[in-house]
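Read the figures in this text as sums done on the coordinates, not as results from a lab. Note that the structure is predicted; figures quoted are calculated from it, not measured. Here Cβ is always computed from backbone atoms with ideal geometry, including for glycine, and neighbour counts include all displayed protein chains.
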Amino acid sequence: MIEFKEYLKLLLATLLTLSLVLFSWLESYDKYSLSLIFPLIILLFISYGLIEIRVQERRCIKRCYFKEKSIITRILSSKIFLTIFSIIISILMSISISYSVISFTLNWWLYLLLHSMVATFLYLYIIKITISLIKEPYNRIFAKEWSGYIMLLSIIPIFVYSTLNGYVPPYIGTSLEQTIMNASISISSNCEITDYIFKISREIDAILWWLILNSTAHIEQFWLRGLIWIGFILYNSLVLFGINRLIVETIHIIDIIFRKR
C-alpha cells in the first residue's frame, strides 16, 4: 500500500497549486489583463503532459506499429505535428477550464476536492503496483494516464446528472436571439482578450442550451435532436477532459518536482 505521508504530501501540494491558480484567476479575470497568466499556467501544465505522452507514443509508433518510411509513420512520429496538435488541444481545454470555473457552484468545488483526493491515491497506487513491471519513468506516465482515464469515468456521469437535474443558465430567453443577447451581456471583463473569448463562449453555450431546452417542443426529427445533444455533450466534454487532465498533470508534475529534490 502507499505511504500515508507520501499521499498527504502530494495531495496537499496538488490542492495548494490548483487553488492558487484557479482562485487567483476567479478573483482577477474581470479586472486585469495580467490575470491571463493563470490560463497560461493551465495551458503549460496540460500541454506539458500531452506532449510528454505523445513523445512516448511516437517512439512506439515508429518501432512497433507502422512501417518506418510510410506516410502515417512520418506524420504520427513528427515532432512538429505532435507538438502543434498537443498545443491546439491544450489551448481548447485551457479556454474551457478558464471559462467554466467562473460558474462553478459549491458542489462542483467540493467534487473537485474529492476528485483530486481519489486521483492522487490512484496515481500513487498504480505506481506501486507497476514499479516491478514498467521501467522508470514510464511507470509514472502510465500511472498518470490510467488514473486520468479512471477518474474521467466518474466525472462524465456526474456532469450529465447535474445538467439534467438542476442547472439551467439564467440567461435563457423565450427566443434564440434574446437568449444570445442575454448571454453576451451576462459576462464581461476589463481585459479585451478575456472579454472577447468569454462572450463567444457564453453565446455558443447559450445557443446549445436553448436548442436543448426547445428541441423536444420545436424539432420533430429525432436525428436532429440527437445531433443537438451530441453537439452539446462534445462542447462540454472539453471542460470535463480539461479539468480531469489539469488535476492529473498537476499531481504528476509535483511528483516529479518532489522526486528531484
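In order along the range 24-32, the phi-based Karplus estimate (6.51 cos²θ - 1.76 cosθ + 1.60, θ = phi - 60°) of 3J(HN,Hα) comes to 5, 5, 4, 7, 10, 4, 8, 10, 10 Hz; Gly and Pro are listed as x. Exposed loop sites, defined as GluC sites (Glu not before Pro) outside DSSP H, G, I, E and B with at most 16 other Cβ atoms within 10 Å, are absent from the longest region of the chain, namely 69-219. Each of Thr174 and Phe4 was given a label point 7 Å from its Cα along the Cα-to-Cβ line. The distance between the two points is 6.2 nm. Residue order for Ile243, Ile102, fewest other beta carbons within 10 angstrom first, comes to Ile102, Ile243. Stretching Ser78 away from Leu153 to a fully extended chain increases their span by 23.9 nm, per 0.36 nm per residue minus the current alpha-carbon distance.
Kindly express, to the nearest 10 degrees and within the range 0 to 90, the angle between helix 79-100's C-alpha long axis and the longest C-alpha principal axis of the chain. That helix lies at roughly 50 degrees to the long axis. Listed by chain and number, the aspartates and glutamates placed with their C-alpha closer than 20 angstrom to that of Lys135 are Glu52, Glu57, Glu145, Glu249, Asp255; residues fewer than eight positions away on the same chain are left out. For the pair Ser184 and Val55, how long in nm is the line joining their label points, each one 7 Å along Cα→Cβ? Here the modelled spin labels are 4.5 nm apart.
On full extension of the chain, what length is gained from Ile200 through Thr105, given 0.36 nm per residue of separation minus the C-alpha to C-alpha distance?
Numbers: separation 95, 0.36 × 95 = 34.20 nm, distance 2.17 nm.
Gain on extension, Ile200 to Thr105, equals 32.0 nm.
Exceedance of the 31 Å cut-off in Cα-Cα distance is limited, within the set Lys31/Lys144; Lys79/Lys144; Lys79/Lys199; Lys9/Lys31; Lys9/Lys199, to Lys31/Lys144; Lys79/Lys199; Lys9/Lys31; Lys9/Lys199. Taking 0.36 nm per residue of sequence separation and removing the Cα-Cα distance, the Ile134/Glu192 pair yields an extension gain of 16.1 nm. Converting phi to 3J(HN,Hα) with the Karplus coefficients 6.51, -1.76 and 1.60 and the offset θ = phi - 60°, the range 206-213 yields 5, 4, 5, 5, 5, 5, 4, 6 Hz in sequence order, with x at every glycine or proline.
Taking θ as phi - 60° and the Karplus parameters 6.51, -1.76 and 1.60, the scalar couplings of the range 237-249 work out to 5, 4, 6, 5, 4, x, 4, 4, 5, 4, 5, 5, 5 Hz in sequence order, x denoting glycine and proline.
Taking the Kirkwood radius as Rh and the Cα radius of gyration as Rg, the chain has a ratio of Rg/Rh equal to 1.01.
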